[in-house]
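A.B. asks: A single structure is presented below for examination.
The values are calculated or read from the model by the stated rules, or taken from the named source; none is laboratory data. Quantities reported herein were computed from a predicted structural model and do not represent experimental measurements. Here the Cβ is made from the backbone with ideal geometry for all residues, glycine too, and neighbour counts use every protein chain on show.
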Number of protein chains: 2
Amino acid sequence: MGQPRILVSNDDGISSRGIQFLVNIMEELGEVVVVAPDSPQSGMGHAITIGEPLRLTETDIFDGVLAYECSGTPADCVKLGKHYVLKDQPPDLVVSGVNHGSNTSISVLYSGTMSAAVEGAIEGFPSIGFSLCDFSADADFSHTGEYVYNIAKTALENNFPRGVALNVNFPHKQKEPIQGIKVCRQAHAKWQEEFNQRYDPYGRQYFWMAGNFVNFDAGEDNDEWAVANNHVSIVPCQYDMTAHKIISDIKTWSFG
Amino acid sequence: MGQPRILVSNDDGISSRGIQFLVNIMEELGEVVVVAPDSPQSGMGHAITIGEPLRLTETDIFDGVLAYECSGTPADCVKLGKHYVLKDQPPDLVVSGVNHGSNTSISVLYSGTMSAAVEGAIEGFPSIGFSLCDFSADADFSHTGEYVYNIAKTALENNFPRGVALNVNFPHKQKEPIQGIKVCRQAHAKWQEEFNQRYDPYGRQYFWMAGNFVNFDAGEDNDEWAVANNHVSIVPCQYDMTAHKIISDIKTWSFG
């Protein structure tokens with residue numbers, strides 16, 4: 001077997017520092033192909049582009065790496081990567097990120113980074129989304145490199161579960177080194193939004209969405225606890241959204 | 001207790017026939033407030049609007065019903081509905097739809113209709129997304145009315161599970177009447193995309209995403225089977241995406 005083929009995407013856009021960091025590490029592991037959005041797509045969730053054409057443009061932004069920027073969403077990028085760019089040579093691994101900002105707990109639903117990884121899982125490829133709990137454009141990724149490498153290498157070497165994508169979150173850079181890896185569940189938490197009302201120069205009202213993260217989860221076996229305690233969190237995510245335990249309850253309802 | 005308060009949204013946009021149909025039925029059950037996108041948002045998944053302002057404009061499109069059109073996504077609409085429009089009087093029920101097109105099986109991930117319902121569930125409200133397996137703008141909804149009414153009424157009258165949204169799909173109108181309701185799980189299926197390549201008048205390449213639905217699921221206890229056999233499917237959906245059964249497998253991996 002030759003080098004593994006690794007498809008890289010993200011949601012912060014192809015020119016973000018996080019994807020450059022990820023591409024550099026993946027080059028140590030195999031042959032890298034990039035398909036990433038041409039502009040930031042944060043908060044895009046699992047959006048896809050229906051009813052509009054998609055553009056795909058080759059770019060030499062990554063030295064010596066075949067790379068395309070795409071007008072679509074992160075999920076579109078993975079679909080185009082599979083069905084067009086790598087049509088005859090499917091990837092051995094799909095990775096997304098490294099995202100500038102946390103995608104723990106409920107944020108997995110809103111995350112473009114994770115939608116690229118979940119799309120990879122739907123297509124049957126081992127898939128991982130990487131995120132750093134630091135929103136800043138000049139975030140320090142240096143403490144995460146060895147973990148990104150080891151997690152991707154381990155994913156390639158093990159029997160990766162079908163229909164699952166790993167949601168990996170790194171704590172922000174601290175004085176102490178990272179304390180280790182926690183394989184865990186998604187924390188029970190939510191965003192408590194506030195809408196900041198303003199008026200534009202024409203007197204028309206508009207809103208900025210802002211909000212606070214509220215953690216309802218007292219457990220220690222979840223991703224919020226892990227990153228808050230300077231650990232790397234790994235949550236295996238599935239795309240079956242069925243609440244299986246609730247089916248029998250709803251069956252007892254007498255409709256109409 | 002007074003009339004229940006019902007927040008209505010959708011993803012086809014506020015001027016679609018499906019939301020008009022849903023509003024008319026919900027008016028028989030309670031006090032209706034509409035917050036819906038000002039343009040079609042199909043395929044938006046759980047996208048939210050970050051880094052851009054949102055507009056909210058009151059409209060008299062629904063006779064005698066308080067209604068707002070919003071520049072954002074379906075999830076944004078529910079957030080604005082809860083935190084601004086209904087700030088001091090939370091809804092008793094959130095409904096979304098009726099979508100022009102199926103949201104069974106894997107489509108739940110890409111569905112703006114279901115993202116509005118799931119957002120309602122995250123906020124702790126009983127929430128239901130309704131979809132009709134007919135994409136056409138002039139789809140016939142007439143066979144679904146009694147089911148929409150009964151399912152919403154039943155949801156209001158029962159102890160609705162927390163953190164769950166119901167994904168309700170109706171078969172397209174057939175000669176035979178609907179054969180009943182199936183409470184079931186999400187089918188295992190996917191979209192097999194094809195990218196149709198074309199060139200614009202300036203000689204630049206672009207792509208249309210197209211594809212075929214591929215059903216891998218031989219079971220009869222799933223939503224695809226239900227609608228294919230002229231039943232209404234109801235799948236309870238959760239937003240915990242953790243693949244709980246996989247955690248112990250990944251814990252056996254030796255990282256690095």
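A.B. asks: Any idea which of A:Phe125, A:Phe135 is within 13 Å of chain B (Cβ to nearest Cβ) and at pLDDT below 95? Let's see the steps before the verdict.
C.D. replies: Working: A:Phe125 fails: at pLDDT below 95.
Answer to the check: A:Phe135.
A.B. asks: A further question on this structure: Taking into account only those residues within the range B:156-172 that are touching a Phe, Trp or Tyr at 6+ places or on another chain (Cβ under 8 Å) and surrounded by fewer than 20 Cβ atoms within 10 Å (Cβ to Cβ), which is nearest to B:Ser111 (Cα to Cα)?
C.D. replies: Taking the candidates together, the pick is B:Gly163.
A.B. asks: With the structure loaded, tell me whether B:Gln174 is more than 23 Å from B:Gln3 (Cβ to Cβ) and assigned to a strand (DSSP E or B) or whether it fails that test.
C.D. replies: Taking the combined requirement at face value, the residue does not satisfy it.
A.B. asks: Just to be sure before I move on: is A:Leu29 in contact (Cβ under 8 Å) with a residue 12 or more places away in the chain, assigned to a strand (DSSP E or B) and in contact with a strand residue (DSSP E or B) (Cβ under 9 Å, 6 or more places away or on another chain) in the structure I sent?
C.D. replies: The answer is no for A:Leu29.
A.B. asks: If A:Gly30 satisfies all but one of (1) in contact with a Pro (Cβ under 7 Å, 6 or more places away or on another chain); (2) more than 20 Å from A:Asn167 (Cβ to Cβ); (3) within 11 Å of chain B (Cβ to nearest Cβ), what's the number of the condition it fails?
C.D. replies: (3)
A.B. asks: May I pose another question? Among A:Ala189, A:Ala116, A:Ala137, which is in contact with a helix residue (DSSP H, G or I) (Cβ under 9 Å, 6 or more places away or on another chain), within 14 Å of B:Thr242 (Cα to Cα) and among the hydrophobic types (A, V, I, L, M, F, W, C)?
C.D. replies: Working: A:Ala116 fails: within 14 Å of B:Thr242 (Cα to Cα); A:Ala137 fails: within 14 Å of B:Thr242 (Cα to Cα).
Only one candidate passes the filter, namely A:Ala189.
A.B. asks: Shifting gears a bit: Can you report the number of residues in the range A:144-180 which are under 16 Å from A:Val23 (Cα atoms) and either more than 13 Å from every other protein chain (Cβ to nearest Cβ) or not hydrophobic (A, V, I, L, M, F, W, C) (or both)?
C.D. replies: 7
A.B. asks: What about B:Asp60, is it surrounded by fewer than 24 Cβ atoms within 10 Å (Cβ to Cβ), out of contact with any Gly (no Cβ under 8 Å at 6 or more places or on another chain) and of a type outside the set (Val, Ile, Thr)?
C.D. replies: Yes.
A.B. asks: Here is a follow-up. Please find, within the range B:181-195, the residue that is surrounded by the fewest Cβ atoms within 10 Å (Cβ to Cβ) out of those that are at the interface with chain A (Cβ under 9 Å from one of its Cβ atoms) and part of a loop (DSSP other than H, G, I, E, B).
C.D. replies: In this case the residue turns out to be B:His188.
A.B. asks: Determine if the range A:56-69 includes at least one residue that is in a loop (DSSP other than H, G, I, E, B), over 25 Å from B:Thr242 (Cβ atoms), touching a strand residue (DSSP E or B) at 6+ places or on another chain (Cβ under 7 Å) and without any contact (Cβ under 8 Å) to a residue 40 or more places away in the chain.
C.D. replies: no
A.B. asks: Does A:Glu58 satisfy being farther than 17 Å from A:Gly18 by Cα, within 13 Å of another protein chain (Cβ to nearest Cβ) and in contact with a helix residue (DSSP H, G or I) (Cβ under 9 Å, 6 or more places away or on another chain)?
C.D. replies: no
A.B. asks: A further question on this structure: When A:Ala75 is evaluated against the numbered criteria (1) in a loop (DSSP other than H, G, I, E, B); (2) under 22 Å from B:Glu194 (Cα atoms); (3) touching a Ser or Thr at 6+ places or on another chain (Cβ under 7 Å), which criterion, by number, is the only one it fails?
C.D. replies: (1)
A.B. asks: Is it true that some residue in the range B:204-214 is facing chain A (nearest Cβ under 9 Å), under 19 Å from A:Phe255 (Cα atoms) and either in contact with a helix residue (DSSP H, G or I) (Cβ under 6 Å, 6 or more places away or on another chain) or surrounded by 20 or more Cβ atoms within 10 Å (Cβ to Cβ) (or both)?
C.D. replies: Checked against the condition, which is being facing chain A (nearest Cβ under 9 Å), under 19 Å from A:Phe255 (Cα atoms) and either in contact with a helix residue (DSSP H, G or I) (Cβ under 6 Å, 6 or more places away or on another chain) or surrounded by 20 or more Cβ atoms within 10 Å (Cβ to Cβ) (or both), the range B:204-214 yields no hits at all.
A.B. asks: Moving on. Kindly indicate whether any position in the range B:10-27 is under 30 Å from A:Met114 (Cα atoms) and surrounded by fewer than 24 Cβ atoms within 10 Å (Cβ to Cβ).
C.D. replies: Within the range B:10-27 (the criterion being under 30 Å from A:Met114 (Cα atoms) and surrounded by fewer than 24 Cβ atoms within 10 Å (Cβ to Cβ)), the answer is yes, since at least one residue qualifies.
A.B. asks: With (1) touching a strand residue (DSSP E or B) at 6+ places or on another chain (Cβ under 9 Å); (2) of a type outside the set (Asp, Glu); (3) more than 12 Å from chain A (Cβ to nearest Cβ) as the list, and B:Ile106 as the residue in question, which single condition is left unmet?
C.D. replies: (3)
A.B. asks: Right, here's the next one. On the given criteria, is B:Gly45 touching a residue at least 40 places away in the same chain (Cβ under 8 Å), under 29 Å from A:Gly163 (Cα atoms) and in a helix (DSSP H, G or I)?
C.D. replies: Here the answer is no, as B:Gly45 does not meet what is asked.
A.B. asks: Oh, and also: When the range A:81-100 is examined, which residues are found to be touching a residue at least 24 places away in the same chain (Cβ under 8 Å) and surrounded by fewer than 24 Cβ atoms within 10 Å (Cβ to Cβ)?
C.D. replies: Kept after step one, since they are touching a residue at least 24 places away in the same chain (Cβ under 8 Å), are these residues of the range A:81-100: A:81-82, A:84-86, A:89-100.
Listed by number, the residues that qualify are A:Lys82, A:Tyr84, A:Val85, A:Leu86, A:Gln89, A:Pro90, A:Asp92, A:Leu93.
A.B. asks: Kindly provide the set of residues from the range A:221-255 that are more than 7 Å from every other protein chain (Cβ to nearest Cβ), outside any helix (DSSP H, G or I) and either touching a Lys or Arg at 6+ places or on another chain (Cβ under 9 Å) or surrounded by 22 or more Cβ atoms within 10 Å (Cβ to Cβ) (or both), ordered by number.
C.D. replies: Within the range A:221-255, A:Asp221, A:Asn222, A:Asn229, A:His231, A:Val232, A:Ser233 qualify.
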